[in-house]
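Participant: Sharing a structure here in structure tokens format.
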Amino acid sequence: MGKKAREIVGVDLKELVKDLDRAYCDEWLAYYAWWYMAQAVEGKGYEDMAEFLNKIAKDELEHATELAERIIELGGLPTNRIANLEKGANGPYPGVMKKLDDYDEIIKLVTTAEAGAIEVYQKIAQKTFGKDHDTYQLATHILGEEIGHEETFENLK
Ligand SMILES: [Fe+2]
Ligand SMILES: [Fe+2]
């Protein structure tokens, strides 16, 4: 991103990059937990549950990619150490189910984290609305998908 393009961003760039990097860390944690549960899940109909989990894991990885691209465009760098992903995130690591066939717990872990993600992107969208169109567009795009994730898993209850 060039000088002029950065100039027209109407929000504090450092703060925005930090917000985006926190979200970036959240995405990796969510990706890992959803992916892990997709591999490990057991029980009746586990293939369907694995498919739902794999689908949202794939989305989170895509979100991490999109956030990294935007952070770099804005002149920043995303968190570069695995050990710092948890420290840098907005929310705690979602964790995985204790019993591999405990669908209630899986649903709870996912819906709790997705609710947190919805809040994060809502805030970024509000902050950038009318000030940084590209980040706003990215935040609302991701927000729409997080809303879909919450809904999918709420409907599994
Ligand atoms: Fe996400
Ligand atoms: Fe999500």
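Participant: If you take the beta carbon distance between E105 and I82 as r and set R0 to 25 Å, what does 1/(1 + (r/R0)^6) give as a FRET efficiency, to the nearest 0.05? Intermediate values should be presented prior to the final figure.
Facilitator: Values: r = 25 Å, r/R0 = 1.01.
According to the calculation, E is roughly 0.50.
Participant: Report, in listed order, any pair from K87/K127; K58/K108; K58/K157; K18/K58; K58/K98 with a Cα-Cα distance greater than 31 Å. Could the numbers behind the result be given before it?
Facilitator: Values: K87/K127 23 Å; K58/K108 19 Å; K58/K157 22 Å; K18/K58 24 Å; K58/K98 23 Å.
From K87/K127; K58/K108; K58/K157; K18/K58; K58/K98, over 31 Å: none.
Participant: What is the order of K44, K3, fewest Cβ neighbours within 10 Å to most? Don't skip to the end; give the middle numbers.
Facilitator: On the way: K44 9, K3 6.
If I rank by nearby Cβ atoms, fewest first, I get K3, K44.
Participant: Identify all aspartates and glutamates with a Cα-Cα distance to K4 below 14 Å; exclude those on the same chain that are fewer than 8 residues away in sequence.
Facilitator: E73, D132
Participant: Counting alpha carbon pairs within less than 8 Å and at least 6 residues apart, what relative contact order, in whole percent, applies to segment 11-154?
Facilitator: Values: 171 pairs, mean separation 41.6, N = 144.
So the answer I get is 29 percent.
Participant: Taking the Cα atoms of segment 11-154 alone, what are Rg (to one decimal) and Dmax (as a whole number) in Å?
Facilitator: Over segment 11-154's Cα set, Rg and Dmax evaluate to 15.3, 50 Å.
Participant: Now, a different point. Would you work out which of H149, T112, L13 lies farthest towards the positive end of the dipole of the chain? Charges go on Cβ: Lys and Arg +1, Asp and Glu -1.
Facilitator: L13
Participant: Which percent of the Cα-Cα distances in segment 115-157 go past 14 Å? Before the final figure, lay out each step's value.
Facilitator: Numbers: 420 of 903 pairs.
The calculated P(r) of segment 115-157 puts 47 percent of pairs beyond 14 Å.
Participant: Karplus couplings for segment 139-155 from phi (6.51 cos²θ - 1.76 cosθ + 1.60, θ = phi - 60°), rounded to Hz, Gly and Pro as x?
Facilitator: In residue order, the calculated couplings are 4, 6, 5, 5, 3, x, 6, 5, 4, x, 5, 4, 4, 3, 7, 5, 6 Hz.
Participant: So what is the diffusion coefficient of segment 78-157 in µm² per second by Stokes-Einstein at 25 °C and 0.890 mPa s, using a Kirkwood Rh over Cα pairs? The partial results should precede the final answer.
Facilitator: On the way: Rh = 14.1 Å.
My calculation gives 174 µm²/s for D.
Participant: Roughly how tilted is helix 103-128, in degrees to the nearest 10 and between 0 and 90, from the longest Cα axis of the chain?
Facilitator: Value to nearest ten degrees: 10.
Participant: Still on this structure, I have one more. Would you mind checking the tilt of helix 46-73 against the longest principal axis of the Cα atoms of the chain, expressed as 0 to 90 degrees and rounded to 10?
Facilitator: The angle comes out at about 10 degrees.
Participant: Mind listing the long-range amide H neighbours of D101? Cut-off is under 5 Å, sequence gap 5 or more, other chains count too, H placed in the peptide plane at 1.01 Å from N.
Facilitator: Excluding prolines and chain starts, which carry no amide H, the hits are E42.
Participant: Once the Cβ-Cβ distance between R6 and T152 is put in as r, and R0 is 35 Å, what FRET efficiency do you end up with, to the nearest 0.05? Provide the component values of the computation, followed by the final result.
Facilitator: Numbers: r = 37 Å, r/R0 = 1.06.
For R6 and T152, the calculated efficiency is 0.40.
Every read-out reported here was derived from the displayed coordinates using simple, explicitly stated rules and does not represent laboratory data. Note that the structure is predicted; figures quoted are calculated from it, not measured. No Cβ is skipped: glycine too gets one built from the backbone with ideal geometry, and neighbour counts run over all protein chains shown.
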